[in-house]
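Undergrad: So that we are looking at the same thing, I have put the structure below in C-alpha coordinates.
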Amino acid sequence: MRALGSGLLGVGFLGGVGAALLVVACGGSATKGPETPQAGDDGGAPAQGSGSRGNGGSSVPDMHADVSDAAKASYARGWQAWAAGDLAGAATAFQEAASQDPKSGAPDYSLGVVKERLGDASGAQQAYRSAFTAKPDYDVAIAAYAESLAAQGHAGEADTFLTDKHAKYPKSPRITSALADVKSIEKDSGSAQQLAQNSLRLDPNFTPAMVVIARDNYRTRRMELARYALQAILDGFGDASPARDKDNAEAHLLRGLIERESGQRARALDDFSAAYAKRPDLVEAAIQLGVMRLEAGNSTDALPVLESATRYAPRSALAHLNLGDCYRLAARPADAKREFASALSLDSSLAAVHYDLGLLYLFSPSIPGTTPDDQVATAIKELDTYRTMRSGKTSATDDADDLYNRAKAKQAEMKQGAAAAAGAKTPAAGAAPATSAGAKPGAAAAPAPATPAGGAPAKPGGGK
(Lines give C-alpha, C1' and ligand atoms only; values in the text may rest on other atoms or scores of the structure.)
Protein backbone atom coordinates (compact mmCIF):
# COMPACT_ATOMS: atom_id res chain seq x y z
CA MET A 1 0.00 0.00 0.00
CA ARG A 2 1.88 2.95 -1.25
CA ALA A 3 1.20 6.59 -2.00
CA LEU A 4 1.76 7.49 -5.62
CA GLY A 5 1.83 10.79 -7.39
CA SER A 6 0.50 11.88 -10.76
CA GLY A 7 3.82 13.27 -11.90
CA LEU A 8 5.49 9.87 -11.77
CA LEU A 9 2.59 7.60 -12.63
CA GLY A 10 1.04 9.22 -15.62
CA VAL A 11 -2.42 8.83 -14.08
CA GLY A 12 -3.04 10.71 -10.83
CA PHE A 13 -3.41 8.05 -8.14
CA LEU A 14 -3.07 10.72 -5.48
CA GLY A 15 -3.54 13.77 -7.61
CA GLY A 16 -1.14 16.68 -7.41
CA VAL A 17 -0.47 16.30 -3.68
CA GLY A 18 0.92 12.80 -4.22
CA ALA A 19 3.91 14.04 -6.17
CA ALA A 20 5.10 15.98 -3.15
CA LEU A 21 4.78 12.89 -1.01
CA LEU A 22 7.04 10.93 -3.30
CA VAL A 23 10.01 13.08 -2.44
CA VAL A 24 9.87 11.78 1.12
CA ALA A 25 8.19 8.41 0.75
CA CYS A 26 10.15 7.07 -2.17
CA GLY A 27 13.61 8.46 -1.58
CA GLY A 28 16.28 5.92 -0.76
CA SER A 29 17.75 8.14 1.95
CA ALA A 30 14.78 8.03 4.28
CA THR A 31 15.61 6.76 7.74
CA LYS A 32 14.37 3.23 8.32
CA GLY A 33 12.02 2.86 11.26
CA PRO A 34 11.92 0.11 13.85
CA GLU A 35 10.69 -3.35 13.06
CA THR A 36 6.97 -3.88 13.22
CA PRO A 37 6.26 -5.23 16.74
CA GLN A 38 5.62 -8.95 16.63
CA ALA A 39 2.69 -10.59 18.34
CA GLY A 40 3.37 -11.45 21.91
CA ASP A 41 6.63 -9.45 22.06
CA ASP A 42 5.33 -7.42 24.96
CA GLY A 43 4.90 -10.66 26.88
CA GLY A 44 1.50 -9.53 27.98
CA ALA A 45 -2.02 -9.03 26.76
CA PRO A 46 -3.75 -11.17 24.22
CA ALA A 47 -1.54 -12.08 21.32
CA GLN A 48 -2.36 -10.30 18.13
CA GLY A 49 -1.14 -10.36 14.58
CA SER A 50 1.98 -8.57 13.51
CA GLY A 51 0.98 -6.64 10.43
CA SER A 52 3.10 -8.97 8.34
CA ARG A 53 1.84 -11.33 5.69
CA GLY A 54 2.09 -14.35 7.95
CA ASN A 55 -0.63 -16.28 9.72
CA GLY A 56 -1.25 -18.54 6.78
CA GLY A 57 -0.44 -16.26 3.86
CA SER A 58 -2.54 -13.71 1.97
CA SER A 59 -2.97 -15.47 -1.37
CA VAL A 60 -6.31 -16.92 -2.37
CA PRO A 61 -7.23 -19.56 -4.95
CA ASP A 62 -7.95 -18.36 -8.47
CA MET A 63 -11.73 -17.89 -8.48
CA HIS A 64 -12.04 -17.38 -12.23
CA ALA A 65 -9.60 -20.02 -13.38
CA ASP A 66 -9.51 -21.08 -17.00
CA VAL A 67 -9.63 -24.87 -16.74
CA SER A 68 -10.75 -27.57 -19.14
CA ASP A 69 -14.25 -29.00 -19.08
CA ALA A 70 -12.84 -32.19 -17.54
CA ALA A 71 -11.52 -30.26 -14.54
CA LYS A 72 -14.33 -27.74 -14.02
CA ALA A 73 -16.42 -29.80 -11.59
CA SER A 74 -13.43 -30.68 -9.38
CA TYR A 75 -12.17 -27.11 -9.43
CA ALA A 76 -15.58 -25.70 -8.50
CA ARG A 77 -15.79 -28.19 -5.64
CA GLY A 78 -12.37 -27.05 -4.44
CA TRP A 79 -13.40 -23.41 -4.49
CA GLN A 80 -16.60 -24.15 -2.59
CA ALA A 81 -14.65 -26.08 0.05
CA TRP A 82 -12.18 -23.19 0.36
CA ALA A 83 -15.01 -20.68 0.80
CA ALA A 84 -16.39 -22.83 3.63
CA GLY A 85 -13.02 -23.07 5.36
CA ASP A 86 -12.70 -26.79 4.55
CA LEU A 87 -9.02 -26.83 3.62
CA ALA A 88 -8.70 -30.60 3.49
CA GLY A 89 -11.64 -30.85 1.10
CA ALA A 90 -10.26 -28.00 -1.01
CA ALA A 91 -6.86 -29.67 -1.27
CA THR A 92 -8.39 -32.95 -2.42
CA ALA A 93 -10.56 -31.26 -5.07
CA PHE A 94 -7.80 -29.00 -6.41
CA GLN A 95 -5.48 -32.01 -6.61
CA GLU A 96 -8.09 -33.82 -8.70
CA ALA A 97 -8.48 -30.80 -10.96
CA ALA A 98 -4.70 -30.59 -11.43
CA SER A 99 -4.56 -34.21 -12.57
CA GLN A 100 -7.52 -33.63 -14.92
CA ASP A 101 -6.00 -30.50 -16.48
CA PRO A 102 -2.22 -30.45 -16.00
CA LYS A 103 -1.75 -27.66 -18.57
CA SER A 104 -3.87 -25.03 -16.86
CA GLY A 105 -1.69 -24.04 -13.93
CA ALA A 106 -4.63 -22.72 -11.92
CA PRO A 107 -5.42 -25.97 -10.06
CA ASP A 108 -1.77 -26.33 -8.98
CA TYR A 109 -1.64 -22.69 -7.89
CA SER A 110 -4.82 -23.04 -5.85
CA LEU A 111 -3.53 -26.27 -4.36
CA GLY A 112 -0.40 -24.39 -3.32
CA VAL A 113 -2.47 -21.74 -1.54
CA VAL A 114 -4.29 -24.42 0.45
CA LYS A 115 -1.11 -26.34 1.29
CA GLU A 116 0.48 -23.16 2.58
CA ARG A 117 -2.47 -22.60 4.91
CA LEU A 118 -2.09 -26.20 6.09
CA GLY A 119 1.53 -25.52 7.03
CA ASP A 120 3.11 -27.47 4.17
CA ALA A 121 5.39 -24.75 2.78
CA SER A 122 7.49 -27.18 0.77
CA GLY A 123 4.41 -28.75 -0.81
CA ALA A 124 2.97 -25.30 -1.52
CA GLN A 125 6.14 -24.14 -3.26
CA GLN A 126 6.22 -27.31 -5.35
CA ALA A 127 2.61 -26.70 -6.41
CA TYR A 128 3.40 -23.09 -7.33
CA ARG A 129 6.36 -24.27 -9.41
CA SER A 130 4.15 -26.78 -11.18
CA ALA A 131 1.70 -23.97 -11.96
CA PHE A 132 4.21 -21.63 -13.60
CA THR A 133 5.99 -24.54 -15.29
CA ALA A 134 2.72 -25.45 -16.98
CA LYS A 135 2.08 -21.80 -17.78
CA PRO A 136 5.39 -19.86 -17.68
CA ASP A 137 3.83 -16.38 -17.57
CA TYR A 138 1.35 -17.26 -14.79
CA ASP A 139 2.30 -14.28 -12.66
CA VAL A 140 -0.11 -15.07 -9.81
CA ALA A 141 1.75 -18.33 -9.12
CA ILE A 142 5.13 -16.62 -9.58
CA ALA A 143 4.26 -13.97 -7.00
CA ALA A 144 2.84 -16.56 -4.57
CA TYR A 145 6.00 -18.67 -4.82
CA ALA A 146 8.18 -15.66 -4.00
CA GLU A 147 5.91 -14.64 -1.14
CA SER A 148 6.16 -18.14 0.29
CA LEU A 149 9.96 -18.06 0.11
CA ALA A 150 10.06 -14.70 1.89
CA ALA A 151 7.62 -15.89 4.55
CA GLN A 152 9.94 -18.81 5.29
CA GLY A 153 12.86 -16.44 5.88
CA HIS A 154 14.36 -16.70 2.37
CA ALA A 155 13.83 -13.15 1.16
CA GLY A 156 17.17 -13.15 -0.66
CA GLU A 157 16.17 -16.22 -2.66
CA ALA A 158 12.79 -14.65 -3.40
CA ASP A 159 14.56 -11.48 -4.60
CA THR A 160 16.83 -13.45 -6.97
CA PHE A 161 13.89 -15.45 -8.32
CA LEU A 162 11.71 -12.41 -8.94
CA THR A 163 14.54 -10.38 -10.44
CA ASP A 164 14.96 -13.13 -13.03
CA LYS A 165 11.23 -13.32 -13.73
CA HIS A 166 11.01 -9.52 -13.89
CA ALA A 167 13.68 -9.53 -16.59
CA LYS A 168 11.68 -12.10 -18.58
CA TYR A 169 8.30 -10.44 -18.05
CA PRO A 170 9.04 -6.72 -17.57
CA LYS A 171 5.47 -5.74 -18.47
CA SER A 172 3.86 -7.72 -15.64
CA PRO A 173 2.64 -5.32 -12.94
CA ARG A 174 2.11 -8.25 -10.56
CA ILE A 175 5.69 -9.51 -10.79
CA THR A 176 7.01 -5.96 -10.46
CA SER A 177 4.82 -5.35 -7.42
CA ALA A 178 5.82 -8.67 -5.83
CA LEU A 179 9.49 -7.74 -6.24
CA ALA A 180 8.74 -4.37 -4.62
CA ASP A 181 7.26 -6.12 -1.59
CA VAL A 182 10.28 -8.40 -1.25
CA LYS A 183 12.58 -5.36 -1.41
CA SER A 184 10.52 -3.84 1.40
CA ILE A 185 10.92 -6.99 3.47
CA GLU A 186 14.67 -6.71 2.87
CA LYS A 187 14.48 -3.12 4.23
CA ASP A 188 15.36 -1.62 0.85
CA SER A 189 12.58 0.93 0.97
CA GLY A 190 13.88 3.07 -1.88
CA SER A 191 13.87 0.17 -4.33
CA ALA A 192 10.51 -1.02 -3.03
CA GLN A 193 8.88 2.34 -3.64
CA GLN A 194 10.43 2.72 -7.08
CA LEU A 195 9.37 -0.75 -8.21
CA ALA A 196 5.83 -0.18 -6.95
CA GLN A 197 5.70 3.05 -8.96
CA ASN A 198 6.91 1.12 -12.00
CA SER A 199 4.12 -1.40 -11.48
CA LEU A 200 1.60 1.42 -11.51
CA ARG A 201 3.09 2.86 -14.66
CA LEU A 202 2.27 -0.47 -16.28
CA ASP A 203 -1.26 -0.46 -14.84
CA PRO A 204 -2.37 2.69 -12.98
CA ASN A 205 -5.28 0.78 -11.43
CA PHE A 206 -3.24 -2.14 -10.09
CA THR A 207 -4.21 -1.89 -6.41
CA PRO A 208 -1.74 -4.54 -5.11
CA ALA A 209 1.06 -2.10 -5.98
CA MET A 210 -0.74 0.66 -4.10
CA VAL A 211 -0.99 -1.67 -1.11
CA VAL A 212 2.74 -2.39 -1.34
CA ILE A 213 3.50 1.33 -1.11
CA ALA A 214 1.39 1.78 2.00
CA ARG A 215 2.79 -1.38 3.58
CA ASP A 216 6.37 -0.23 3.04
CA ASN A 217 5.57 3.11 4.65
CA TYR A 218 4.05 1.23 7.57
CA ARG A 219 7.09 -1.02 7.94
CA THR A 220 9.39 2.00 7.98
CA ARG A 221 7.04 3.80 10.40
CA ARG A 222 6.15 6.61 7.98
CA MET A 223 2.63 6.50 9.29
CA GLU A 224 1.23 9.66 7.75
CA LEU A 225 2.39 8.61 4.31
CA ALA A 226 0.88 5.17 4.85
CA ARG A 227 -2.41 6.77 5.89
CA TYR A 228 -2.38 8.98 2.82
CA ALA A 229 -1.85 6.04 0.47
CA LEU A 230 -4.60 4.06 2.20
CA GLN A 231 -6.98 6.98 1.91
CA ALA A 232 -6.35 7.03 -1.83
CA ILE A 233 -7.17 3.31 -2.05
CA LEU A 234 -10.19 3.22 0.24
CA ASP A 235 -11.73 6.70 0.24
CA GLY A 236 -10.22 8.75 -2.54
CA PHE A 237 -10.00 12.54 -2.59
CA GLY A 238 -13.32 13.67 -3.93
CA ASP A 239 -14.90 13.34 -7.37
CA ALA A 240 -11.68 14.17 -9.17
CA SER A 241 -9.84 11.26 -7.54
CA PRO A 242 -12.28 8.58 -6.35
CA ALA A 243 -11.36 5.54 -4.28
CA ARG A 244 -9.48 2.97 -6.32
CA ASP A 245 -10.66 -0.08 -4.35
CA LYS A 246 -12.89 0.85 -1.42
CA ASP A 247 -13.39 -2.80 -0.36
CA ASN A 248 -9.72 -3.83 -0.49
CA ALA A 249 -9.33 -6.13 2.50
CA GLU A 250 -5.56 -5.77 2.91
CA ALA A 251 -5.85 -1.99 2.84
CA HIS A 252 -8.57 -2.06 5.51
CA LEU A 253 -6.41 -4.39 7.61
CA LEU A 254 -3.36 -2.17 7.40
CA ARG A 255 -5.32 0.98 8.17
CA GLY A 256 -6.87 -0.80 11.13
CA LEU A 257 -3.42 -1.66 12.47
CA ILE A 258 -2.32 1.96 12.19
CA GLU A 259 -5.50 3.22 13.85
CA ARG A 260 -5.17 0.73 16.67
CA GLU A 261 -1.58 1.79 17.33
CA SER A 262 -2.67 5.43 17.50
CA GLY A 263 -5.53 4.69 19.90
CA GLN A 264 -8.38 5.11 17.38
CA ARG A 265 -10.10 1.95 18.49
CA ALA A 266 -13.54 2.58 17.00
CA ARG A 267 -12.08 3.27 13.57
CA ALA A 268 -9.76 0.27 13.84
CA LEU A 269 -12.70 -1.95 14.71
CA ASP A 270 -14.56 -0.69 11.65
CA ASP A 271 -11.63 -1.39 9.36
CA PHE A 272 -10.95 -4.86 10.77
CA SER A 273 -14.65 -5.63 10.37
CA ALA A 274 -14.58 -4.47 6.75
CA ALA A 275 -11.48 -6.56 6.01
CA TYR A 276 -13.01 -9.66 7.57
CA ALA A 277 -16.34 -9.16 5.81
CA LYS A 278 -14.61 -8.99 2.44
CA ARG A 279 -12.17 -11.82 3.10
CA PRO A 280 -12.90 -14.20 6.00
CA ASP A 281 -9.74 -16.08 4.98
CA LEU A 282 -7.53 -13.08 5.82
CA VAL A 283 -6.41 -14.50 9.13
CA GLU A 284 -4.67 -11.43 10.48
CA ALA A 285 -7.87 -9.42 10.10
CA ALA A 286 -9.87 -12.15 11.83
CA ILE A 287 -7.43 -12.27 14.75
CA GLN A 288 -7.36 -8.50 15.16
CA LEU A 289 -11.15 -8.27 15.01
CA GLY A 290 -11.58 -11.14 17.45
CA VAL A 291 -9.09 -9.68 19.91
CA MET A 292 -10.75 -6.27 19.87
CA ARG A 293 -14.11 -7.87 20.56
CA LEU A 294 -12.60 -9.85 23.43
CA GLU A 295 -11.11 -6.68 24.87
CA ALA A 296 -14.59 -5.18 24.81
CA GLY A 297 -15.89 -8.19 26.76
CA ASN A 298 -17.80 -9.52 23.74
CA SER A 299 -16.70 -13.15 23.58
CA THR A 300 -19.97 -14.13 21.88
CA ASP A 301 -19.23 -12.13 18.73
CA ALA A 302 -15.50 -12.85 18.91
CA LEU A 303 -16.01 -16.62 18.90
CA PRO A 304 -17.10 -17.24 15.27
CA VAL A 305 -14.40 -14.89 13.98
CA LEU A 306 -11.61 -16.63 15.90
CA GLU A 307 -12.94 -20.07 15.01
CA SER A 308 -12.76 -18.98 11.37
CA ALA A 309 -9.13 -17.96 11.87
CA THR A 310 -8.17 -21.44 13.03
CA ARG A 311 -9.99 -23.01 10.08
CA TYR A 312 -8.08 -20.91 7.55
CA ALA A 313 -4.78 -21.08 9.44
CA PRO A 314 -4.75 -24.32 11.46
CA ARG A 315 -0.99 -23.98 11.92
CA SER A 316 -1.15 -20.48 13.40
CA ALA A 317 -0.22 -20.50 17.08
CA LEU A 318 -1.68 -17.00 17.49
CA ALA A 319 -5.03 -18.08 16.10
CA HIS A 320 -5.25 -20.98 18.55
CA LEU A 321 -4.06 -18.82 21.45
CA ASN A 322 -6.73 -16.19 20.93
CA LEU A 323 -9.45 -18.76 20.33
CA GLY A 324 -8.41 -20.41 23.61
CA ASP A 325 -8.70 -17.09 25.40
CA CYS A 326 -12.17 -16.64 23.92
CA TYR A 327 -13.23 -20.06 25.18
CA ARG A 328 -11.79 -19.18 28.61
CA LEU A 329 -13.88 -16.02 28.79
CA ALA A 330 -16.92 -17.95 27.56
CA ALA A 331 -16.53 -20.39 30.50
CA ARG A 332 -15.53 -23.33 28.30
CA PRO A 333 -12.38 -24.48 30.11
CA ALA A 334 -11.98 -27.83 28.34
CA ASP A 335 -12.07 -26.14 24.92
CA ALA A 336 -9.70 -23.43 26.16
CA LYS A 337 -7.19 -26.04 27.36
CA ARG A 338 -7.30 -27.75 23.97
CA GLU A 339 -6.58 -24.54 22.06
CA PHE A 340 -3.79 -23.50 24.43
CA ALA A 341 -2.22 -26.94 24.01
CA SER A 342 -2.41 -26.51 20.22
CA ALA A 343 -0.77 -23.08 20.44
CA LEU A 344 2.11 -24.44 22.52
CA SER A 345 2.61 -27.41 20.20
CA LEU A 346 2.99 -24.96 17.31
CA ASP A 347 5.16 -22.42 19.13
CA SER A 348 6.62 -23.40 22.49
CA SER A 349 8.19 -19.93 22.85
CA LEU A 350 4.82 -18.17 23.05
CA ALA A 351 4.88 -16.89 26.63
CA ALA A 352 1.34 -15.53 26.49
CA VAL A 353 -0.03 -19.08 26.43
CA HIS A 354 1.28 -19.65 29.95
CA TYR A 355 -0.22 -16.36 31.10
CA ASP A 356 -3.64 -17.37 29.77
CA LEU A 357 -3.33 -20.85 31.26
CA GLY A 358 -2.59 -19.20 34.59
CA LEU A 359 -5.78 -17.18 34.29
CA LEU A 360 -7.75 -20.25 33.28
CA TYR A 361 -6.67 -22.31 36.29
CA LEU A 362 -6.80 -19.44 38.76
CA PHE A 363 -10.27 -18.10 38.00
CA SER A 364 -12.29 -20.97 36.52
CA PRO A 365 -14.78 -22.29 39.13
CA SER A 366 -13.70 -25.80 38.21
CA ILE A 367 -11.81 -27.61 35.46
CA PRO A 368 -12.84 -31.16 34.57
CA GLY A 369 -10.42 -33.76 35.88
CA THR A 370 -8.64 -31.32 38.20
CA THR A 371 -8.97 -31.01 42.00
CA PRO A 372 -9.10 -27.52 43.55
CA ASP A 373 -5.61 -28.03 45.01
CA ASP A 374 -4.20 -29.12 41.67
CA GLN A 375 -5.95 -26.27 39.92
CA VAL A 376 -4.34 -23.53 42.00
CA ALA A 377 -0.97 -25.32 41.89
CA THR A 378 -1.16 -25.38 38.09
CA ALA A 379 -2.07 -21.70 38.02
CA ILE A 380 1.04 -20.93 40.07
CA LYS A 381 3.22 -23.06 37.80
CA GLU A 382 1.91 -21.47 34.58
CA LEU A 383 2.20 -17.91 35.87
CA ASP A 384 5.71 -18.60 37.12
CA THR A 385 6.65 -20.01 33.70
CA TYR A 386 5.29 -16.88 32.08
CA ARG A 387 7.26 -14.64 34.45
CA THR A 388 10.42 -16.54 33.60
CA MET A 389 9.84 -16.41 29.85
CA ARG A 390 9.01 -12.72 29.67
CA SER A 391 12.68 -11.97 30.48
CA GLY A 392 12.09 -8.57 32.03
CA LYS A 393 9.77 -7.36 29.25
CA THR A 394 7.27 -5.97 31.71
CA SER A 395 4.86 -3.19 30.90
CA ALA A 396 2.49 -0.96 32.81
CA THR A 397 -0.34 -3.38 32.04
CA ASP A 398 1.53 -6.56 32.97
CA ASP A 399 -0.13 -7.91 36.11
CA ALA A 400 1.54 -11.32 36.16
CA ASP A 401 3.33 -10.71 39.45
CA ASP A 402 0.10 -9.65 41.12
CA LEU A 403 -1.73 -12.68 39.74
CA TYR A 404 1.06 -14.98 40.88
CA ASN A 405 0.87 -13.55 44.40
CA ARG A 406 -2.91 -13.95 44.42
CA ALA A 407 -2.54 -17.58 43.40
CA LYS A 408 0.02 -18.20 46.16
CA ALA A 409 -2.25 -16.53 48.72
CA LYS A 410 -5.19 -18.62 47.55
CA GLN A 411 -3.11 -21.78 47.88
CA ALA A 412 -2.01 -20.83 51.42
CA GLU A 413 -5.59 -20.08 52.39
CA MET A 414 -6.76 -23.44 51.09
CA LYS A 415 -4.03 -25.21 53.06
CA GLN A 416 -4.96 -23.34 56.23
CA GLY A 417 -8.60 -24.24 55.73
CA ALA A 418 -7.73 -27.90 55.24
CA ALA A 419 -5.54 -27.88 58.36
CA ALA A 420 -8.28 -26.24 60.44
CA ALA A 421 -10.80 -28.79 59.25
CA ALA A 422 -8.46 -31.65 60.09
CA GLY A 423 -7.76 -30.21 63.54
CA ALA A 424 -11.47 -29.93 64.34
CA LYS A 425 -11.91 -33.63 63.60
CA THR A 426 -9.02 -34.69 65.88
CA PRO A 427 -9.83 -34.74 69.71
CA ALA A 428 -7.28 -33.29 72.09
CA ALA A 429 -4.76 -35.81 73.44
CA GLY A 430 -5.96 -37.60 76.63
CA ALA A 431 -9.46 -36.13 76.47
CA ALA A 432 -12.43 -38.47 76.67
CA PRO A 433 -14.85 -38.17 73.76
CA ALA A 434 -17.90 -36.12 74.62
CA THR A 435 -21.19 -38.02 74.58
CA SER A 436 -24.69 -36.74 74.22
CA ALA A 437 -27.57 -37.79 76.40
CA GLY A 438 -28.91 -41.19 75.42
CA ALA A 439 -26.00 -41.92 73.18
CA LYS A 440 -24.23 -45.22 73.40
CA PRO A 441 -21.07 -45.09 75.53
CA GLY A 442 -18.05 -44.33 73.36
CA ALA A 443 -20.05 -42.64 70.58
CA ALA A 444 -18.42 -39.33 69.66
CA ALA A 445 -20.46 -36.20 69.09
CA ALA A 446 -20.40 -34.79 65.55
CA PRO A 447 -17.87 -31.94 65.23
CA ALA A 448 -19.05 -28.47 64.34
CA PRO A 449 -18.31 -27.38 60.74
CA ALA A 450 -14.87 -25.86 60.50
CA THR A 451 -14.40 -22.34 59.16
CA PRO A 452 -11.23 -21.79 57.14
CA ALA A 453 -8.77 -19.44 58.73
CA GLY A 454 -9.55 -15.94 57.72
CA GLY A 455 -13.06 -16.80 56.59
CA ALA A 456 -14.24 -17.99 53.19
CA PRO A 457 -12.05 -16.89 50.28
CA ALA A 458 -13.38 -13.88 48.48
CA LYS A 459 -14.32 -14.33 44.84
CA PRO A 460 -11.36 -13.35 42.69
CA GLY A 461 -11.71 -9.97 41.09
CA GLY A 462 -9.79 -8.22 38.42
CA GLY A 463 -8.95 -11.43 36.62
CA LYS A 464 -8.78 -11.58 32.92
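Undergrad: When you scan the range 206-283 for helices (runs of 4 or more DSSP H) that lie fully inside it, which ones turn up with 2 or more residues that are within 28 Å of residue 191 (Cβ to Cβ)? Don't jump to the end; show me each part of the working.
TA: Working: elements: 207-219, 223-234, 249-261, 265-278.
In the range 206-283, the matching helices (runs of 4 or more DSSP H) lie at 207-219, 223-234, 249-261.
Undergrad: Quickly run through the range 140-160 and pick out the residues that are surrounded by fewer than 19 Cβ atoms within 10 Å (Cβ to Cβ) and of a type outside the set (Gly, Ala, Ser).
TA: Across the range 140-160, the qualifying residues are 152, 154, 157, 160.
Undergrad: Take the conditions assigned by TED's automatic domain parsing to the domain that holds residue 352, modelled with pLDDT of 75 or more and either of a type outside the set (Asp, Glu) or in a helix (DSSP H, G or I) (or both) and apply them to residue 398. Does it pass?
TA: The answer is no for residue 398.
The values are calculated or read from the model by the stated rules, or taken from the named source; none is laboratory data. Please read all numbers here as calculations on a predicted model, not as lab measurements. All Cβ positions, glycine included, derive from the backbone under ideal geometry; neighbour counts span all protein chains shown.
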